[in-house]
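The values are calculated or read from the model by the stated rules, or taken from the named source; none is laboratory data. Computed from a predicted model, the values in this text were never measured in an experiment. Cβ sites come from the backbone with ideal geometry, for glycine too, and all protein chains shown count toward neighbours.
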């Protein structure tokens, strides 16, 4: 008989927690019993997990007794405040907030990339204290590089990542929405999150008083990509731009291989698990098309000139899109399944 786990989601009212609930109920962990935890102001809210409606409970130091897996999906401050309580109670800790990155015994993980994310020291063991599922933009980029690296050495890779407001949870969405409404009605705009106009505007930085931090987000993508790349994947030049959209990452990526390859072979490499190659220009990947999708949508555009007779090229562009919250939640579930082999059988010891 399969082990029935108890799973806690801390920060259960966040945007990524909503996706996490859906991904868990579509996974081998669907038979678990779920405990939803959050700050006191969210206590009593009703949230649906699968077919069950569950009440959100106020989080506390003793909330993790007999919990097998704890997903921290709220604020970084909430994670820092309670993760040691979860760890002490014997729970496997998965930190979607990134607050624990850099703590001793904490790994950045993405089991879809390579064989256990490359290096032996990146594989979890009994000394692993917690796992940070890799940033969803870093995961999408690493997946693409991983597939291309299988067919040829990558000489050069550079990516511009367009980031949505949902990376800053409900506050970011609300401010983008309110700014849009305010502009259309000629009213003053709220600026608490971004400290600048993000509606109808594309930005490389936010205002000085912004609670959102684009430079910090870019740095996180760089670190997480490097953690997934190890020594296998190429160095990636990266620029992060904030786009005036609610959901979904989009990517403009320039690739140069060390020798020319047939276009058909490159296209074959960009298909398969977790990648969905788009062949028609009229169906170009977009943040709207990627919404709710489990895969990264990708379109290949050769850099002219392509050899007309051979149909080969060594330089090309990729235009890709992914659901940032869905990909993050999926990766978190995969990390939990990866850690499941380290848990004792039966009840928590």
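On the basis of being more than 17 Å from the chain's Cα centre (by Cα) and touching a residue at least 24 places away in the same chain (Cβ under 8 Å), does residue 223 make the cut?
no
Which count do you get for residues in segment 236-265 that are modelled with pLDDT of 95 or more and outside any strand (DSSP E or B)?
Looking only at that region, the number is 7.
Of the residues 121, 66, only one is in contact with a strand residue (DSSP E or B) (Cβ under 8 Å, 6 or more places away or on another chain), surrounded by fewer than 21 Cβ atoms within 10 Å (Cβ to Cβ) and either in a strand (DSSP E or B) or at pLDDT below 95 (or both); which?
The match here is 66.
Among the candidates 139, 100, which residue alone is touching a helix residue (DSSP H, G or I) at 6+ places or on another chain (Cβ under 9 Å), surrounded by 19 or more Cβ atoms within 10 Å (Cβ to Cβ) and outside any helix (DSSP H, G or I)?
100
Suppose the filter is in contact (Cβ under 8 Å) with a residue 40 or more places away in the chain and in contact with a helix residue (DSSP H, G or I) (Cβ under 8 Å, 6 or more places away or on another chain); does residue 289 pass it?
Spelling it out, it is not the case that residue 289 is in contact (Cβ under 8 Å) with a residue 40 or more places away in the chain and in contact with a helix residue (DSSP H, G or I) (Cβ under 8 Å, 6 or more places away or on another chain).
Name, by its number, the condition in (1) over 30 Å from residue 123 (Cα atoms); (2) within 21 Å of the chain's Cα centre (by Cα); (3) part of a helix (DSSP H, G or I) that does not hold for residue 179.
Exception for residue 179: condition (2).
Please determine, by comparing only the residues of segment 39-63 that are in a loop (DSSP other than H, G, I, E, B), at pLDDT 80 or above and in contact with a strand residue (DSSP E or B) (Cβ under 9 Å, 6 or more places away or on another chain), which one is nearest to residue 7 (Cα to Cα). Please lay out each step first, then the result.
Filtering segment 39-63 for residues in a loop (DSSP other than H, G, I, E, B) gives 39, 43-45, 50-51, 56, 59-63.
Applying the additional criterion that residues be at pLDDT 80 or above yields 39, 56, 59-63.
So of that shortlist, the ones also in contact with a strand residue (DSSP E or B) (Cβ under 9 Å, 6 or more places away or on another chain) come out as 39, 56, 59-60, 63.
Working: 39: 18, 56: 13, 59: 14, 60: 16, 63: 11 Å.
Here the answer is 63.
So which residues in segment 268-289 are closer than 19 Å to residue 151 by Cα and in contact with a strand residue (DSSP E or B) (Cβ under 7 Å, 6 or more places away or on another chain)? Steps first, answer last, please.
Of the residues in segment 268-289, the ones closer than 19 Å to residue 151 by Cα are 268-277.
Listed by number, the residues that qualify are 270, 271, 274, 275, 276, 277.
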